[in-house]
Amino acid sequence: MKVFISCDIEGVSGVVASGPHTSSDGGDYQRARALMTGEANAAIEGALNAGATEIIVNDSHGPMINLLIEKLNPAATLISGAPKPLSMMQGIGKDCAAAIFVGYHSRMGTPGVLSHTISGASVANVWVNDILLGETGINAGLAGYFGVPVVLVCGDDVVSQEARELLPHIRTATVKTAITRQSASCLPPEKAQALIRQETEQALASLGSARPWLPDSPVTFKVEFKDFGLAMNAARMPYSRLVDANTVAFSADDYLTAFQGLQAMIALAR
Ligand SMILES: [Zn+2]
């Protein structure tokens with residue numbers, strides 16, 4: 001059983017401050033990345049307990065060089081660095097039995113800790129076929145394209161709720177409860193990691209009831225940018241179209257191509 005783990009930082013317990021915790025020049029970043037590595041290790045251990053024989057961990061935050069490889073459980077292989085064609089999902093493939101999201105955050109516009117969708121600076125909302133999605137949904141669709149179910153999302157209470165609304169079979173490990181966008185009630189690392197270990201084991205044990213999630217084709221991604229200038233920049237992409245002043249859409253026959261269009265529009269906007 002091969003297990004894929006995508007690891008972001010904003011949903012890790014103890015991580016609450018944009019900048020100090022999430023930027024490589026942040027004053028408390030070294031602690032944040034150690035906490036992130038601890039939660040990744042908890043998922044790895046849970047997967048091993050459930051019988052995983054191969055584990056891929058993809059570093060999925062910012063420049064994607066956050067996880068401390070020297071502290072990572074050696075049972076896993078680490079994908080590090082950026083850019084990557086599949087971004088937060090690099091390493092997923094048809095040979096994976098399940099995908100797990102660690103340190104995930106809720107979508108822009110929700111009352112979750114450090115909520116955003118791909119780019120906090122430029123993106124207001126993302127829809128696929130008119131379904132409003134956060135990174136959990138966008139990446140679940142990529143897993144679904146390869147026939148892989150997402151079985152567990154770890155993060156705050158708001159991303160847990162977001163995941164359950166889209167993916168009814170999913171398990172969640174709520175390691176913190178949002179108070180404001182940059183404050184939360186956090187489980188201490190020992191407890192957060194025990195919860196992730198236990199939920200990973202449970203999620204993989206009940207793999208039979210999990211289902212891949214994939215929107216119907218043709219797939220249309222629609223991005224509402226924070227202003228008209230960003231949208232005009234994004235609309236330079238061939239085959240994209242302006243839906244309204246701030247919103248650009250791109251359609252493709254398959255989810256992977258549509259996702260590549262989404263990535264390209266957001267990169268062009270900035
Ligand atoms: Zn992130």
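The values are calculated or read from the model by the stated rules, or taken from the named source; none is laboratory data. On a predicted model such as this, the values are computed, not experimentally measured, just so you know. Neighbour counts run over all protein chains shown; Cβ positions are idealised from the backbone, glycine included. Just the protein is used for accessible areas: all its heavy atoms, side chains included, with ligands, DNA and RNA removed. Shrake-Rupley method; radii C 1.70, N 1.55, O 1.52, S 1.80 Å.
Checked against (1) more than 12 Å from the ligand (Cβ to nearest atom); (2) open to solvent by 10 Å² or more (accessible area, probe 1.4 Å), SER13 meets all criteria but (2). When the test is whether a residue is open to solvent by less than 20 Å² (accessible area, probe 1.4 Å), polar (S, T, N, Q), within 15 Å of the ligand (Cβ to nearest atom) and not assigned by TED's automatic domain parsing to the domain that holds TYR29, SER60 does not pass it. Just one of the numbered conditions (1) away from the ligand (no atom under 16 Å from the Cβ); (2) open to solvent by less than 10 Å² (accessible area, probe 1.4 Å) is not true of ALA76: (2).
When the stretch 180-224 is filtered for residues that are acidic (Asp, Glu) and either touching an Asp or Glu at 6+ places or on another chain (Cβ under 7 Å) or part of a loop (DSSP other than H, G, I, E, B) (or both), only ASP216 remains. Quick one: which of ALA82, ALA32 is small (Gly, Ala, Ser), within 13 Å of the ligand (Cβ to nearest atom) and open to solvent by 20 Å² or more (accessible area, probe 1.4 Å)? Exactly one residue qualifies, and that residue is ALA82. Which pairs do you get when a residue that is aromatic (Phe, Trp, Tyr), found in the stretch 95-122, comes within reach of a residue that is near the ligand (Cβ under 10 Å from one of its atoms) and open to solvent by less than 10 Å² (accessible area, probe 1.4 Å), reach meaning Cβ atoms under 6 angstrom, with the pair 6+ apart or on two chains? As it stands, the answer is TYR104/ASP8; TYR104/GLY11, since those pairs meet every condition given.
Mind checking whether some residue in the stretch 114-137 is at pLDDT below 95, out of contact with any helix residue (DSSP H, G or I) (no Cβ under 8 Å at 6 or more places or on another chain) and more than 22 Å from PRO20 (Cα to Cα)? Within the stretch 114-137, one or more residues are at pLDDT below 95, out of contact with any helix residue (DSSP H, G or I) (no Cβ under 8 Å at 6 or more places or on another chain) and more than 22 Å from PRO20 (Cα to Cα).
In a residue-by-residue description of the stretch 197-208, the property of being open to solvent by 70 Å² or more (accessible area, probe 1.4 Å), basic (Lys, Arg) and on the phi < 0 side of the Ramachandran plot applies to at least one position. Within the stretch 79-88, does at least one residue satisfy the condition of being assigned by TED's automatic domain parsing to the domain that holds ALA192, in contact (Cβ under 8 Å) with a residue 40 or more places away in the chain, within 14 Å of the chain's Cα centre (by Cα) and outside any loop (DSSP other than H, G, I, E, B)? Checking the stretch 79-88: at least one residue is assigned by TED's automatic domain parsing to the domain that holds ALA192, in contact (Cβ under 8 Å) with a residue 40 or more places away in the chain, within 14 Å of the chain's Cα centre (by Cα) and outside any loop (DSSP other than H, G, I, E, B).
Scan the stretch 116-157 residue by residue and report those that are closer than 17 Å to PRO215 by Cα, among the polar types (S, T, N, Q) and more than 14 Å from the chain's Cα centre (by Cα). Give the derivation first.
Filtering the stretch 116-157 down to residues closer than 17 Å to PRO215 by Cα leaves 126-150.
Next, only the ones that are among the polar types (S, T, N, Q) stay: 129, 136, 139.
Of everything in the stretch 116-157, just one residue is closer than 17 Å to PRO215 by Cα, among the polar types (S, T, N, Q) and more than 14 Å from the chain's Cα centre (by Cα), namely ASN129.
Considering the stretch 139-189, the residues that are polar (S, T, N, Q) and surrounded by fewer than 19 Cβ atoms within 10 Å (Cβ to Cβ) include one that is farthest from ASN129 (Cα to Cα), namely SER185. Checking each residue in the stretch 92-116 for being more than 16 Å from the ligand (Cβ to nearest atom) and over 10 Å from PHE4 (Cβ atoms) picks out LYS94, GLY109, PRO111.
Of everything listed in (1) part of a loop (DSSP other than H, G, I, E, B); (2) out of contact with any Cys (no Cβ under 9 Å at 6 or more places or on another chain); (3) under 20 Å from THR174 (Cα atoms), the single unmet condition for ARG33 is (1).
Screening LEU35, LEU86 for residues that are of a type in the set (A, V, I, L, M, F, W, C) and under 20 Å from GLN198 (Cα atoms) leaves exactly one candidate, LEU35. Test VAL102 against the criterion of being closer than 28 Å to LEU195 by Cβ and within 11 Å of the chain's Cα centre (by Cα), and give yes or no. Answer is yes for this residue.
Each residue in the stretch 105-138 was checked for being surrounded by fewer than 20 Cβ atoms within 10 Å (Cβ to Cβ), part of a strand (DSSP E or B) and hydrophobic (A, V, I, L, M, F, W, C), and 4 pass.
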